[in-house]
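Accompanying notes for the structure given below.
What follows is calculated from the coordinates using simple rules that are stated; it is not laboratory data. This one's a predicted model, so the numbers in the text were calculated from it and none came from an experiment. Glycine gets a Cβ as well: all are built from the backbone with ideal geometry, and neighbour counts include every protein chain shown.
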Amino acid sequence: MNAERIKRILGQIPLHVVVIAMVVVWLLPTLGVFVSSFRSRQAVRKSGWWTVLSKPLTPGQKEYAAACASCHGKDGKDVVTADLSNPEVAAEYMKTNRLLPLLRQEVNGQPHVQDPEWQALIQDKSRTKEALDKLAPISQYLGTLSGAGQAVEYNLTVSNWLDALVGYKGTETYQEDCATGTSKSGKFKCDASDLLNREGMARAFLNSLLVTIPATILPILFAAFAAYAFAWLDFRGRTWMFALLVGLQIVPLQMTLVPIAQLYSKLGLGGSFIGIWLFHTGFGLPYAIYLLRNFLGGLPRDLFESIYLDGANHWTAFWKLAMPLSVPAIASLGIFQFLWVWNDLLVAIILLPNNPVLTYQITNLIDPKGGNWHLLTAAAFLSMIVPMLVFLAFQRYFIRGMLAGAVKG
Amino acid sequence: MVPKIMKQGTLTPWFYLAAALIIMLVFIVYPTINTFVLSLKDKTGTRSAAVDCLPGQSCWGAFDNYRYALTDPEMLQALRNNALWILLTVPGTVGAGLMFAVLTDRVRYERLAKTIVFLPMAISFVGAGVIWKFVYYLESGGGAQIGVLNALITRLGGQPVAWLTNRSWIVNNTSLWVVWIWLWAGFCMTILSAALKAVPTEILEAARVDGANEWQVFWRIMFPIILPTVTVAATTMTINVLKVFDIVFVMTNGLNGTEVIANRMFKFIVTNQGRSMAIAVLLIVLTIPIMIINVRRFREQEMIR
């Protein structure tokens, strides 16, 4: 290896550092949600998701060992008059505001805590909050030690996914509550029928499919007809109508929601699937026609002339020639429209309030206090699986469609 | 342009166009007009907006909802925020996208790196909201910080930060802008990357032979060539940012100084239809300049064809 080559490789290092750093930053947030979706409720609350690979130390074990183990012993049994492994004793002090006053008292004329630093902190009334914070892990460990507290389950689990699928928001998991027969009575039957629970992600998943598939096919079909006319037929107003279409592409859909919702309630289409299909079709059309017309218009003219000379009419030319050749463009368009409809929130909230789709269902699960990250992370991932797979499988077409002039939204 | 050899009846084109045109008329053109009409009505959409005017207070008559949309403090906050969203996230996404496009072009794992940066495009705004709320999470009790950002800060010895409920509205908004850039940088990267790859390598090589360094090659040669694509990326981003709704709705619901126009409109959609619609009209008025730019660009492209 010569010096020139080494110099070149060294010169490349900053580039790799920047690229890899950026990839990590882009991946990390999603990875965190993915990992957390497999951790138990308590584990998510108690420790960061990145600790999942390190051997989980029981919370508070370290703090207990440093501050208490010298007298009470590793298992808490060494002081016979204060056996910390006894659940009844430990249960008293599982709250830090109970533990602190106890530690402030003397034991047999001696300070309870030997360590001078700890002692100073505990006795200083002006630092009570700090002392309580420092005691929290120890209190928690007392619970674990005696079995009085709830042990934190650190093993990975799929119970969050199950809870999310059926929409179970109990303090225990759906499986546990079903096993003990304590699930919220009436609402859950603990069999497959729970998957159809209205508050569950499984039902929402089905709704999302029911909305998205027709709302992807319909606009492409209508757009293909219109695009054929714009590309290969002659009619008055062809140019200005197409320019208008370019403008229509960016009409904010907020503009149209209320009038359409009113129209629907008059026609009895309120909250119906047909209503939302047609709405997405209307909004998908300008871009779809634009893209397909540009594609069809770019096909060689000879092809159309020769098929026509062979005696074909426009109908035949459309189905036998234009459509088969536009498969790549239709694929790009299909992916665009699919992702767009699948990920939509606003239209679904307003036009389909009674059959929540995935995005809407997630917003129903959000707990402002952050108490259900385990459920929310699983739910978020359930909503992302399909679009991610579609995206990864058809990335090529997606990019092609984008490059053809994506101004959508 | 159209091959004359292909005969057609006068009605044939309309047969192909009918379905699309009717649907667009019903779902885009009619509601847009109707939205304007409703914006002049009161909260129930039945009487003129002027009926809500109180004696002795300023009133714009039938246009009273626009008085709200243009002068109410909440709306002014939303307008300010939307302006800042455009000013900061458009250069942010285009800049990040351009940087990624240039850098990944030089490494062997280009495809993988690009896929990862592009992947957020497949995620809904709602999903992204959940993902980033978790990143920004602040544990205010005694427990460990489970949000990556605050865990990192406390590990480095700092105090945890309320990223979304901060007293400073700039912090809250910046947190949202970061999410936006995370979501859209991949889009900009992809179209800019395609443009970069289309730059003829001979020109670049010639410049390098003449002694230009990489920095000069980029700014003096590549950038001017891809400038039209940069403009496309920037206009697309501007339209999207103008309509930003879901992220704000999910992450802060417009609280703590993060209100935006589309979220205001949504808040009133049931309680005060007139206002809601006036805000919607405001939104479309703001998009008109970009609409004109797009149509003009389309015309130019058609000339070249």
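Each label point was placed 7 Å from the Cα along the Cα-to-Cβ direction; for A:ASP191 and B:CYS53 their separation is 6.7 nm. The GNM of chain A, with springs linking C-alpha atoms under 10 angstrom apart, assigns the highest mean-square fluctuation among A:GLY76, A:GLY237, A:GLY284 to A:GLY237. In this structure, A:LEU156 and B:LYS197 have a Cβ-Cβ separation that, at R0 = 41 Å, corresponds to a calculated FRET efficiency of about 0.45. Distance between the C-alpha centres of the stretch A:196-213 and the stretch B:130-148: 29 Å, rounded to the whole angstrom. Each residue of the stretch B:1-108 gets 266 Å³ once the volume of the Cα convex hull is shared out per residue.
Close amide-amide hydrogen proximity is noted between B:LYS41 and B:ALA49, each under 5 Å apart and 5 or more residues distant or on a separate chain (H modeled in the peptide plane; Pro and chain starts excluded). In this structure, the amide hydrogen of A:ARG198, modeled 1.01 Å from its nitrogen in the peptide plane, lies closer than 5 angstrom to no residue at least 5 positions away or on a different chain. Kirkwood analysis of the stretch A:3-52, using all unique Cα-Cα pairs, places the hydrodynamic radius at 13.4 Å. Of A:ARG238, A:ARG127, A:ARG396, the residue with the greatest mean-square motion in the GNM of chain A, using alpha carbon springs below 10 Å, is A:ARG127.
From largest to smallest, the equivalent ellipsoid semi-axes obtained for the stretch A:61-146 from the alpha-carbon gyration tensor read 19, 14, 12 Å. Mean partner shielding of peptide B:234-240, defined as the number of other chain Cβ atoms within 10 Å of each residue Cβ, is 3. The Cα atoms of the stretch B:173-284 cover 67, 26, 17 Å along the three principal axes, with the biggest extent listed first.
A convex hull fitted to the Cα coordinates of the stretch A:304-355 yields 106 cubic angstrom per residue. Take the alpha-carbon centre of the stretch A:261-288, take the same for the stretch A:100-124, and report the distance between them in whole Å. Using only Cα atoms to place each centre, the spacing works out to 70 Å. Once divided by 2.2 N^0.38 Å, the Cα radius of gyration of the protein assembly as shown becomes 1.14. Across the stretch A:61-146, Cα pairs under 8 Å and at least six residues apart give a relative contact order of 38 percent.
Counting pairs of alpha carbon atoms under 8 Å apart in space and at least six apart in sequence, what relative contact order in percent does the stretch A:267-367 give? After rounding, I find 43 percent. Backbone geometry of the stretch A:15-30 corresponds, through the Karplus equation with coefficients 6.51, -1.76 and 1.60 at θ = phi - 60°, to 3J(HN,Hα) couplings of 4, 5, 4, 5, 5, 5, 4, 5, 5, 5, 4, 6, 8, 3, x, 5 Hz, x marking Gly and Pro. By the count of other C-beta atoms within 10 Å, a proxy for reagent exposure, B:LEU79, A:LEU156 are ordered fewest to most as A:LEU156, B:LEU79. At a Cβ-Cβ separation cutoff of 4.7 angstrom, cysteine residues of the protein assembly as shown with no neighbouring cysteine are A:CYS68, A:CYS71, B:CYS188. Taking the Cα centroid of the stretch A:329-403 and of the stretch B:228-275, what is the distance between the two, rounded to the nearest whole Å? With the stretch A:329-403 and the stretch B:228-275 each reduced to a Cα centre, they are spaced 18 Å. Peptide B:190-199 has a mean of 2 when you count, residue by residue, the C-beta atoms of other protein chains within 10 Å of its C-beta.
Build a GNM of chain B with springs between Cα atoms under 10 Å apart, and of B:TRP132, B:TRP180, B:TRP219 the one that fluctuates most is B:TRP219. Comparing the stretch B:86-175 with the 2.2 N^0.38 Å rule of thumb, its C-alpha radius of gyration ratio is 1.34 (two decimals). Across the stretch A:209-224, computed HN-Hα scalar couplings (Karplus, 6.51 cos²θ - 1.76 cosθ + 1.60, θ = phi - 60°) run 5, 4, 7, 6, 4, x, 6, 9, 6, 4, x, 5, 4, 5, 5, 5 Hz from first to last residue, x flagging Gly and Pro.
For chain A, the equivalent ellipsoid derived from the Cα gyration tensor has semi-axes of 62, 29, 18 Å, listed largest first.
For the stretch A:290-409, a Kirkwood radius taken over Cα pairs fed into Stokes-Einstein (4 °C, viscosity 1.567 mPa s) yields D = 74 µm²/s. Sorted fewest first by neighbouring Cβ atoms within 10 angstrom, B:TRP60, A:TRP118 come out as B:TRP60, A:TRP118. Binning the alpha carbon pair distances of the stretch B:60-304 at 10 angstrom intervals from zero yields the distribution 7, 24, 29, 23, 13, 4, 1, expressed in whole percent.
Neighbour counts of C-beta atoms inside 10 Å place B:THR93, B:THR154, A:THR171 in the sequence A:THR171, B:THR154, B:THR93, starting with the fewest. Across peptide A:42-49, the average count of Cβ atoms from other chains found within 10 Å of a residue's Cβ is 4. For A:VAL107, the amide hydrogen comes within under 5 Å of the amide hydrogens of A:HIS112, counting only partners 5 or more places away or on other chains and with H modelled in the peptide plane. Each stretch of four or more DSSP H residues adds -39500 (n - 2.57); spread over every residue of the protein assembly as shown, this sum gives -20500 deg cm²/dmol at 222 nm.
Averaging the sequence gap over all C-alpha pairs within less than 8 Å and six or more residues apart, then dividing by the number of residues, gives chain A a relative contact order of 21 percent.
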